[in-house]
């Protein structure tokens, strides 16, 4: 019974952490998209890589 309760709590924690990560990722993408659209509307170049590419660069991948 205790192991079932602990297992359920771990599952809840994993789910919560996953959801928080998704919200954070979505916020990064939304902010990037807003900057890109603002630059385009002004006719300015926009060379900032999207969030997924920045993560790749930070991890040493190309």
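Any read-out appearing in this document is the output of simple, stated calculations on the displayed coordinates, not a laboratory observation. Because the structure is predicted, anything quoted here is derived from the model rather than measured.
Against the chain, whose longest principal axis is taken from its Cα atoms, helix 2-41 shows a tilt of about 10°. For semi-axes √(5λ) of the Cα gyration tensor in Å, the candidate list reads (i) 39, 15, 4; (ii) 30, 19, 10; (iii) 24, 12, 12; the entry that matches the value derived from this model is (i). A helix-only calculation puts the chain at -27500 deg cm²/dmol for mean residue ellipticity at 222 nm, using -39500 (n - 2.57) for each DSSP H run of at least four residues, averaged over all residues.
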